[in-house]
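Written out below as structure tokens is the structure these notes cover.
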Amino acid sequence: MPKKRIYILNGHPAAKSLSKSFADLYARAAERAGHEVRLTHLDALDFDMDFERAGYGDPKPLEPDLEQVMDDIRWCEHLVIFTPMWWGSLPAKFKGLIDRAFLPGNSFDPRHPNKFGVPAPMLTGRSARVVLTSDSPTWYLWLAHRNPVASMLKGHILGFVGIKPVRVTQLAPASHAKPDLVARWSRKIEALGAGAA
């Protein structure tokens, strides 16, 4: 199995969370398998998540932590995102990271749109895995809401900037998961990490 450069981004803003423990578990399994790994936990990042000023015409300079996130994404061959679903979307700080860091000129190029007017993606050549925890069962999210967070990350964000394919692993119900269920999920995360899948 070819070794990969893997960047793991834990998008849960709390210092302790299921997402954080799974991100650490994935990182250890990937390193044991010989992959090169970088890991970032959202709670350790210092940046202003508010996108102010005049939009893309006058964006705030990126803080060093956001610059490092973008450097790590450009470095990697495989991006792994761990995040919970909150209120049908992403945690505000994680969405703030995306709003602030995924800017024209570093993740997409509006100067070279395709025939439909879609800007050229700038982060091609990378695959991704999203591990999404929620309390709503996956079948319900698909049936009732067309799985909004998975769709947003897969198509509207990662796919837009050229990161493909994006595979999604959904784990639910997560808030009060019983130990045997967490253990089963942990074995799954370890297998994904070992295979850089």
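Just so you know, all these numbers are worked out from the coordinates, no wet-lab data involved. The structure displayed is predicted, hence computed values, not measured ones. Cβ: placed from backbone, ideal geometry, glycine included. Neighbour counts: every protein chain shown.
Would you work out the relative contact order for segment 5-195, in percent, from Cα pairs under 8 angstrom that are 6 or more residues apart? Each step should come with its number before you reach the end.
Working: 322 pairs, mean separation 48.0, N = 191.
After rounding, I find 25 percent.
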### Query
Once you put a point 7 Å from the Cα of residue 176 and another 7 Å from the Cα of residue 16, both along the Cβ direction, what distance in nm separates them?
1.9 nm
### Label-to-label distance, nm, for residues given as residue 152 and residue 5 (7 Å Cα→Cβ offset)
2.9 nm
### Message
Between residue 56 and residue 187, what is the label-point separation in nm under the 7 Å Cα-to-beta-carbon projection?
### Response
4.7 nm
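Work out the length of the dipole vector of the chain about its Cα centre, built from +1 on the beta-carbon of each Lys and Arg and -1 on the beta-carbon of each Asp and Glu, and round it to the nearest 20 debye. Write down the numbers at each step before the final one.
Values: 26 positive and 20 negative charges, 185 e Å.
Roughly 880 debye, rounded to the nearest 20.
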## Note on the structure
Counting every C-alpha pair in the chain, the percent lying more than 22 Å apart is 48 percent
### Query
Hey, in the GNM for the chain with a 10 angstrom Cα cutoff, which one of 176, 156, 12 fluctuates hardest?
176
#### Entry: Under 24 Å from residue 178, Cα to Cα: lysines that are on another chain or at least 8 residues apart
16, 20, 188
